[in-house]
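The values are calculated or read from the model by the stated rules, or taken from the named source; none is laboratory data. Since this is a predicted model, take the numbers as computed values, not measurements. Please note: Cβ atoms are built from the backbone with ideal geometry, for glycine as well, and neighbour counts cover all protein chains shown.
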Amino acid sequence: MSRQLSFTKFEKELLPDFRQKINQAESSEDVKTFYARTSLALFDKALEGELSLEFNDIVLLPGHDDRYVLSNRILTSSLFTDIWNSSDLPHILGRFTDMALNRYKHLEKHPEKTEAKIRK
């Protein structure tokens, strides 16, 4: 039986700040930005800085079945795929994705809130 790695410690470290930033997001683009930054911070912690990550290595995809996309550079890294396949990292990213998509949908349904903040 193979050993499952757990990164919930990192999730718990990142979650309060992520939740705060998502809730304070003024636009759907803000949500995408906060999601990418938090996801990359999670990956960086899980990979112990062994893989150089860039902002566009993960993109939130509202309205798509895939919900997010990882860059080919990440997906072709054996270090990443080994950790991804033997840990709870996909589940943690899924929870971050759910939160981001919920906030994204809310902002898209209520554009007047964003417009009111822009006019101030």
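Tabulated data
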| item | result |
| --- | --- |
| Within region 50-96, considering residues that are under 17 Å from residue 14 (Cβ atoms) and among the small types (Gly, Ala, Ser), the one farthest from the chain's Cα centre (by Cα) | 87 |
| Test: residue in region 68-89 that is in contact with a helix residue (DSSP H, G or I) (Cβ under 6 Å, 6 or more places away or on another chain), closer than 22 Å to residue 21 by Cβ and not aliphatic (A, V, I, L, M) | yes |
| Flag if residue 11 is modelled with pLDDT under 95, over 18 Å from residue 107 (Cα atoms) and touching a helix residue (DSSP H, G or I) at 6+ places or on another chain (Cβ under 6 Å) | no |
| Residue count, region 19-32 (criterion: touching a Leu at 6+ places or on another chain (Cβ under 9 Å) and not small (Gly, Ala, Ser)) | 4 |
| 2 or more residues free of Cβ contacts under 8 Å to residues at least 40 places away in the same chain and surrounded by 15 or more Cβ atoms within 10 Å (Cβ to Cβ): qualifying helices (runs of 4 or more DSSP H) within region 17-120 | 28-46, 78-85 |
